[in-house]
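Novice: For reference, the structure I am asking about is given below.
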Amino acid sequence: QVQLVESGGGLVQPGGSLRLSCAASGFTFRLYSMSWYRQAPGKERELVASIGFAGSSTDYAEFVKGRFTISRDDAKNTVYLQMNSLKPEDTAVYYCRRGGVAYWGQGTQVTVSS
């Protein structure tokens with residue numbers, strides 16, 4: 001069955017960096033686009049970044065452009081989100097999502113606070 005497992009979240013100070021990973025299994029990873037979403041308390045889940053199959057294209061929400069980078073390693077069935085210059089408003093649970101018929105991971109908490 002399809003599984004997406006996120007990792008790499010944690011507590012970081014403003015201006016710091018984190019790299020999130022999402023390990024995928026149960027499907028042919030290289031054939032699917034992948035995305036990262038986030039959901040802050042009391043807010044709707046929102047798209048952060050997406051990457052096409054074989055890394056053909058990337059898209060970012062305006063609020064992360066220039067700070068976050070999405071990438072994938074098809075040999076490892078893993079998609080990454082490198083987050084730099086983190087701000088308190090980036091605090092949220094970050095989710096990995098598969099394209100096509102959507103599957104979601106369980107999420108990983110990112111907290112940006114001094």
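The values are calculated or read from the model by the stated rules, or taken from the named source; none is laboratory data. Please read all numbers here as calculations on a predicted model, not as lab measurements. As a convention, Cβ positions derive from the backbone with ideal geometry for all residues, glycine included, and neighbour counts pool all protein chains shown. Protein only, heavy atoms only, side chains kept; ligands, DNA and RNA dropped before computing areas. Shrake-Rupley method; radii C 1.70, N 1.55, O 1.52, S 1.80 Å.
Novice: So Val48 ticks every box in (1) closer than 14 Å to Tyr80 by Cα; (2) out of contact with any helix residue (DSSP H, G or I) (no Cβ under 7 Å at 6 or more places or on another chain); (3) β-branched (Val, Ile, Thr) but one. Which box is left unticked?
Specialist: (2)
Novice: Turning to a different aspect of this structure: Residues of region 80-111 being open to solvent by less than 40 Å² (accessible area, probe 1.4 Å) and either among the aromatic types (Phe, Trp, Tyr) or closer than 20 Å to Glu62 by Cα (or both), which ones?
Specialist: Scanning region 80-111 gives Tyr80, Leu81, Met83, Leu86, Asp90, Thr91, Ala92, Val93, Tyr94, Tyr95, Cys96, Val110.
Novice: Please enumerate the residues belonging to region 17-59 that are small (Gly, Ala, Ser), part of a loop (DSSP other than H, G, I, E, B) and surrounded by 14 or more Cβ atoms within 10 Å (Cβ to Cβ).
Specialist: Once the filter is applied, which keeps residues that are small (Gly, Ala, Ser), part of a loop (DSSP other than H, G, I, E, B) and surrounded by 14 or more Cβ atoms within 10 Å (Cβ to Cβ), region 17-59 yields Ser33, Ala40, Gly52.
Novice: Could you grab me the full set of residues in region 62-79 that are open to solvent by 30 Å² or more (accessible area, probe 1.4 Å), closer than 15 Å to Tyr37 by Cα and part of a strand (DSSP E or B)?
Specialist: Thr69, Ser71
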